[in-house]
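What follows is one structure encoded as structure tokens, with my remarks underneath.
The values are calculated or read from the model by the stated rules, or taken from the named source; none is laboratory data. Keep in mind it's a predicted model, so treat the numbers as computed, not measured. Cβ coordinates were reconstructed from backbone atoms using ideal geometry, including for glycine residues, and neighbour counts include every protein chain displayed.
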Amino acid sequence: AGQAPNRSVHLFDSGQDGAQRDNLRLLSDLRGAIDGRLLVFHAQPKFAVDGSLRGAELLVRWAHPENGFISPARFIPLAEKSRLIFDLTRFGFETAKRHVLEVRGFAPQSALRFSVNVSGSDVTDPRFPDMLREAFGDDPADLALLELEITETAIIEDLERLVPVLERVRETGVRIAIDDFGTGYSSLVYLKRIPADTLKIDQSFVRDVMSSERDAILVRRTIQIGKDLGMDIVAEGVETQEIADWLVANGCDRLQGYFFSRPLPPPQWRDLAMARLGG
Ligand code: C2E
Ligand code: CA
Ligand code: CA
Ligand code: CA
């Protein structure tokens with residue numbers, strides 16, 4: 001009678017150990033991939049309401065040699081727990097800098113802005129300001145073309161420590177975007193304190209504006225509050241013409257989503273930017 005519980009405990013433990021081993025393996029492979037610069041950042045274009053190209057969000061892609069493509073939704077949370085994320089973010093800044101210089105090569109007056117996703121632990125790391133300067137440089141003309149996307153949840157979780165750092169970064173001309181807005185149980189009090197230039201409405205709201213009057217009301221109000229606070233409003237996850245039209249009619253400033261373009265590998269991004277900017 002003592003056998004069955006033991007066995008189930010044993011099975012449970014080995015399952016956990018297995019998952020933990022997988023994660024450790026994945027992390028060690030990720031370390032190698034970051035150090036070897038084997039990850040690629042795809043660039044998803046953002047457009048103004050008049051259709052002009054305004055910039056791109058850099059989204060990391062990892063083709064694992066044995067396991068194939070691994071979603072950032074799987075490895076970013078692991079990287080965040082292990083602090084590997086800091087080096088990934090550094091790689092993101094280096095990539096953003098390369099993009100800024102590349103675009104300037106064929107369109108010297110371009111104001112295309114590149115967004116890098118950053119985690120809360122990046123920003124609160126005491127090395128963050130130096131790392132940003134080393135990876136991206138300190139030319140004000142370049143810094144004005146960099147935007148950090150940080151999720152509303154990350155900001156709220158560590159508001160007191162993040163706000164002063166974000167303010168310092170912002171003084172250098174870098175822009176701050178609140179990502180996934182509406183998913184983090186924020187209150188107006190928080191919104192008042194976050195030093196941000198851009199508000200990105202989460203795709204879970206954007207997706208349903210045509211089908212749910214409640215979502216439509218929430219998005220309309222969000223746009224209004226953001227604008228009243230002087231922020232640019234970006235909608236992410238725009239998948240249809242109807243949704244794009246609705247967002248434009250309701251005052252969104254910029255649009256991003258599969259309807260316009262998927263995240264593009266660097267060569268395709270370059271082709272699109274050159275075609276749009278007349279390079
Ligand atoms: P996110 O920052 O909210 O990025 C938006 C996600 O939605 C991306 O998924 C993007 O490919 C996807 N997407 C874009 N347009 C559409 C659309 O029209 N419809 C739908 N259904 N999806 C769309 P992705 O690239 O898989 O990234 C997932 C998440 O992983 C990101 O969410 C971000 O939180 C994280 N992530 C990605 N790259 C990085 C990075 O370099 N650093 C950090 N810290 N996080 C990253
Ligand atoms: Ca983002
Ligand atoms: Ca987002
Ligand atoms: Ca998201």
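Would you tally the residues in the stretch 12-50 being within 30 Å of Val238 (Cβ to Cβ) and free of Cβ contacts under 8 Å to residues at least 40 places away in the same chain?
Number of matching residues: 1.
Can you pull out every residue in the stretch 206-264 that is touching a helix residue (DSSP H, G or I) at 6+ places or on another chain (Cβ under 8 Å), assigned to a loop (DSSP other than H, G, I, E, B) and surrounded by 21 or more Cβ atoms within 10 Å (Cβ to Cβ)?
Scanning the stretch 206-264 gives Val209, Glu236, Val238, Cys252, Gly257.
Can you tell which of Ile150, Ile176, Ile155 is touching a Lys or Arg at 6+ places or on another chain (Cβ under 7 Å) and either acidic (Asp, Glu) or within 16 Å of ligand 2 (Cβ to nearest atom) (or both)?
Ile176
For the stretch 156-205: of the residues being among the small types (Gly, Ala, Ser) and touching a helix residue (DSSP H, G or I) at 6+ places or on another chain (Cβ under 6 Å), which is farthest from ligand 1 (Cβ to nearest atom)?
So, considering only residues that are among the small types (Gly, Ala, Ser) and touching a helix residue (DSSP H, G or I) at 6+ places or on another chain (Cβ under 6 Å), the one farthest from ligand 1 (Cβ to nearest atom) is Gly173.
Would you please name the residue that is modelled with the lowest pLDDT, looking only at residues in the stretch 168-193 that are within 17 Å of the chain's Cα centre (by Cα) and assigned to a loop (DSSP other than H, G, I, E, B)?
Step by step, filter the stretch 168-193, then rank; the result is Gly184.
Would you confirm, using the coordinates I've provided, whether Thr222 is within 13 Å of ligand 1 (Cβ to nearest atom), over 21 Å from Asn117 (Cα atoms) and among the hydroxyl-bearing types (Ser, Thr, Tyr)?
no
What's the number of the condition Ser121 fails, among (1) within 22 Å of Glu160 (Cα to Cα); (2) within 16 Å of ligand 4 (Cβ to nearest atom)?
Evaluating Ser121 over (1) within 22 Å of Glu160 (Cα to Cα); (2) within 16 Å of ligand 4 (Cβ to nearest atom) leaves (2) as the failure.
Show the residue pairs that are 6+ apart or on different chains and have beta-carbon atoms under 6 Å apart, the first residue being within the stretch 165-180 and closer than 16 Å to Glu149 by Cβ, the second being assigned to a helix (DSSP H, G or I).
Pairs that qualify, where the first residue is closer than 16 Å to Glu149 by Cβ and the partner is assigned to a helix (DSSP H, G or I), are Val165/Val123; Val174/Leu143; Ile176/Leu166; Ile176/Arg170; Ile178/Glu152; Asp180/Glu152.
Looking at (1) over 26 Å from Thr222 (Cβ atoms); (2) in contact (Cβ under 8 Å) with a residue 40 or more places away in the chain, which one does Leu162 not meet, given that it meets all the others?
Every listed condition holds for Leu162 apart from (1).
Only strands (runs of 3 or more DSSP E) wholly contained in the stretch 9-117 count here; list those with 3 or more residues that are surrounded by 12 or more Cβ atoms within 10 Å (Cβ to Cβ).
40-48, 53-64, 113-117
Against the conditions (1) under 16 Å from Ala196 (Cβ atoms); (2) within 16 Å of ligand 2 (Cβ to nearest atom), where does Leu255 fall short? Just the number, please.
The one condition Leu255 does not meet is (1).
Considering the stretch 229-245 alone, what residues qualify as being farther than 30 Å from Arg193 by Cβ and more than 15 Å from ligand 3 (Cβ to nearest atom)?
Thr240, Gln241, Glu242, Ile243, Ala244, Asp245
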